[in-house]
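Enquirer: To start, I am sharing the structure in question, which I have written as structure tokens.
The values are calculated or read from the model by the stated rules, or taken from the named source; none is laboratory data. Just so you know, these numbers come straight off a predicted model, no measurement behind them. Neighbour counts run over all protein chains shown; Cβ positions are idealised from the backbone, glycine included. For the accessible areas, the whole protein counts, side chains as well, though only heavy atoms, and no ligand, DNA or RNA atoms are used. Shrake-Rupley method; radii C 1.70, N 1.55, O 1.52, S 1.80 Å.
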Amino acid sequence: MDTLATARLFAADILAHRNKLAGKAEDAARVQFALRQVSKTLHDQHDLHKKETDVVLSHWDGKASEEFERTTMRLRKDIRTTADASTDAERVVSRVTSTVDGGHTAVQRLADEYIGKAKKLLDDAAGVGSRAAMASAIAAAADLAPRYTKQSAATLRKVKGELADAAKRLRALRKELRHDGVADRSVADHSSGHGRTEAAKASTRGQKVVSAARKELGTRENPPGSNRNPYGPTAPWCASFATAMWRKAGVKIPILPFTGDVYRWGQQHDKAYGKNSLKQAKPGDVLLFGTGPQSPSTSTHIGIVEKVEGNRVTMIEGNSGDSVRRNTHTLSSATFYGGVRP
């Protein structure tokens, strides 16, 4: 008999609790790191913005400079508010990370202790060499397991309670943040009144998509080069990001990791347009890079349209340099084979 394997079999529930906590610990650490990076970047941006504004104002007098100063102060306040919220969120997640790590260590210790005791019981019985002794040892090991399992389950429940409490605090922080001034005002403007036209509804959806995508700028896969992302499966994730932003805006579309599937979805729902109609692209649409939706070699990338100016299109793209980035391209059929409206 493989006594270690048998002991681990009796410890299956304890090991399952340990594995759940291991996954949560990894997630918490990843979120904590991301929030720390966001906070640092925004605080640095706030300080740089103030420094550059002060240089400009030192050479500029008059009413226009006063308006410029008021505008830049509002912007700096928004940056500071978001940065401080990110710092507060990082502290919340830091406490959770510590709790989850502690829980994982405690359950690992329980598993090791139980497996050690159960294996010794079985090894001693194997040394005796009788079936009766082995049967008695197996029964003793089985009787010992529930006490350890109860403790590991209690630890898991405690950690889940801490996670739920942290989620409430994070939601409260999010409510305190002011929304994107341009995009969200546009949404509010389009949402007022009754009997809106379909075009107005589409514009509202588009602005919601853009607003959601802007909030994700700077999000990175972790670790770099791994394709691990917060929007979909561990795979090239530009399409997962785009469809996740559409879903946030209320579009009933599944997470689609392959860009060509997004175009096919658009065709099925009468929302797709081809390379000869790219000029109709509007904020919130997605544009497809490549020559067609047939395969990953022909449909290579996807991005969300933020704005179109003449023959230039600014897009927010997931999995661009392992992160969510804003890029500008020529609106050309040599680059895009089509687009889809949300």
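Enquirer: How large is the accessible surface of residue 98 in square angstrom, using a 1.4 angstrom probe and rounding to the nearest 10?
Expert: 80
Enquirer: I've got another one for you. Placing one identical point scatterer on every Cα of region 215-342 and ignoring solvent, what is log10 I(q)/I(0) from the Debye formula at q = 0.15 Å⁻¹?
Expert: Scattering profile of region 215-342, log10 relative to I(0): -0.61.
Enquirer: Also, I was wondering about something else. Length gain on complete extension for the stretch residue 307 to residue 164, per 0.36 nm per residue less the alpha carbon to alpha carbon distance?
Expert: Numbers: separation 143, 0.36 × 143 = 51.48 nm, distance 3.83 nm.
So the extension gain works out to 47.6 nm.
Enquirer: Just to verify a number: what accessible area does residue 119 come out at with the full protein assembly present, 1.4 Å probe, Å² rounded to tens?
Expert: Rounded to the nearest 10, the figure is 70 Å².
Enquirer: Taking loop as defined by DSSP and a crowding limit of 14 other beta carbons within 10 Å, which chymotrypsin sites (Phe, Trp or Tyr not before Pro) in region 212-315 fit?
Expert: Working: sites: 231, 237, 241, 246, 258, 263, 265, 273, 289; in loops: 231, 237, 258.
The qualifying sites: there are none.
Enquirer: State in Å² the accessible area per residue of region 187-342; use a 1.4 Å probe, count heavy atoms of protein chains only, and round to the nearest integer. Before the final figure, lay out the partial values.
Expert: Values: 7340 Å² over 156 residues.
That works out to 47 Å² for each residue.
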